[in-house]
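> Take a look at this one; I'll ask things after.
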Amino acid sequence: MALSSAIAVLLVSGFSTQAYANELDALLLPDKNRSNAEFAGVKFIELRYPQGSQLAQLFDGKNDRIEFTVNGTFDSTQGSGIGKVIQMVNNALLKENKSPVVVENATLKYFATVKGYPDRAQLAYRVEFNPTIAGYVLQKTGENNQTAMVDLEWRDFAINEPLLINTERYGTLNVNYPIGLLQLLYPELAQKLLSSDAKAIMEDPIMNFDRFGLSMKSWHYLFDVTGKQLERYSVFKPGEGGTVSIHSIGESSFREGTYLPVEKDATASIDGTEVKIHASTPPPSGQITIAGYSRIDESNGAEFAMVSPNSRGPPEIGFQFQVLLIFAGMMSAIAVFVMFKARK
């Protein structure tokens, strides 16, 4: 019920159905060592209360929407606060992920809605963080330095602290905690929720991409020798580009299993009224596209890709191809057996 209600919020408020996932999309260019990435943190919260209660009177019929975009560099003195956000992400990459990748600049887009009904209020959040990242090439080796070692430890960072953004229209808003929206629109209720058992849910970070930390060897892998996958990134002129490797996560299968939302529940007493709070964080959906043929490897628990632009074939046989080889072997064995029986 809560899950279908959350999807309804997206449709009614103008969010696309594609927003129903925590997302990662990045193109890595070993020759340039600098490119763009896209992260999107999504969260849904539902407050259920008795009809006719004070909360029902507060929310029934409400249809609020907050939306804004800020951008800037790692200069933390910028007035919008985006510089501080970039600084915190860089600190997380360096200290927590042990990654050399640096965010040089970024755009942050915040979307949030509140939809009220007689017995419930539904909150939907989407925070898009689109950085320019640099420094992911660890070293180059081989003939003419054609093979690049590319760092992949930047993909699963998490920011657990408040992220305050200053806007002309809305003032200061904490974009990383769900409570930030209520502090802006319903400050008295926000204070009561933070003083209740709902505090953990209302301060559960939206910019948490830990689930992309699943071993890269468990991601789907395929390669495209036509380079068509590069067209959507608009970084090469027609005819440029070449072979690309594509690593993706989010598609459920027998090998990877099923990716499910993270669900949390709490009950709070607000002005003598029992309120049930349900939070849902969607499953991950990510793609890392690398220009060249890539092979995943690791050292001391840190994963990286060995990338070669001139290989005549993929350095690592994909899971699907392995399955085809197994079936081919089985069919060959059956054919030999049938011929042997026929001759007898």
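The values are calculated or read from the model by the stated rules, or taken from the named source; none is laboratory data. Owing to the predicted nature of the structure, the values given are computational and were not obtained by experimental measurement. All Cβ positions, even for glycine, are placed from backbone atoms using ideal geometry, and neighbour counts span all protein chains on display.
> Inspect all residues belonging to the range 282-299 and state whether any of them is loosely packed, with under 15 Cβ neighbours inside 10 Å and either at pLDDT 50 or above or in contact with a Cys (Cβ under 7 Å, 6 or more places away or on another chain) (or both). Show your work before the answer.
First, pick out the residues of the range 282-299 that are loosely packed, with under 15 Cβ neighbours inside 10 Å: 298-299.
From what's left, either at pLDDT 50 or above or in contact with a Cys (Cβ under 7 Å, 6 or more places away or on another chain) (or both): 298-299.
The answer is yes, given that some residue of the range 282-299 is loosely packed, with under 15 Cβ neighbours inside 10 Å and either at pLDDT 50 or above or in contact with a Cys (Cβ under 7 Å, 6 or more places away or on another chain) (or both).
> Further, regarding this structure: From the set of residues in the range 150-170 that are in contact with a strand residue (DSSP E or B) (Cβ under 8 Å, 6 or more places away or on another chain) and more than 15 Å from Leu93 (Cβ to Cβ), which is surrounded by the most Cβ atoms within 10 Å (Cβ to Cβ)? Even if it seems obvious, please write down each step before you answer.
Just the residues of the range 150-170 that are in contact with a strand residue (DSSP E or B) (Cβ under 8 Å, 6 or more places away or on another chain), to begin with: 150-155, 158-160, 162-167, 169-170.
Checking the rest, the ones that are also more than 15 Å from Leu93 (Cβ to Cβ) come to 162-167, 169-170.
Values: Pro162: 14, Leu163: 24, Leu164: 15, Ile165: 22, Asn166: 14, Thr167: 17, Arg169: 7, Tyr170: 14.
Once the filter is applied, the top-ranked residue is Leu163.
> State whether the residues of the range 201-215 include one that is modelled with pLDDT of 95 or more, over 20 Å from the mean Cα position of the chain (by Cα) and surrounded by fewer than 19 Cβ atoms within 10 Å (Cβ to Cβ).
Looking for residues that are modelled with pLDDT of 95 or more, over 20 Å from the mean Cα position of the chain (by Cα) and surrounded by fewer than 19 Cβ atoms within 10 Å (Cβ to Cβ), one finds none in the range 201-215, hence no.
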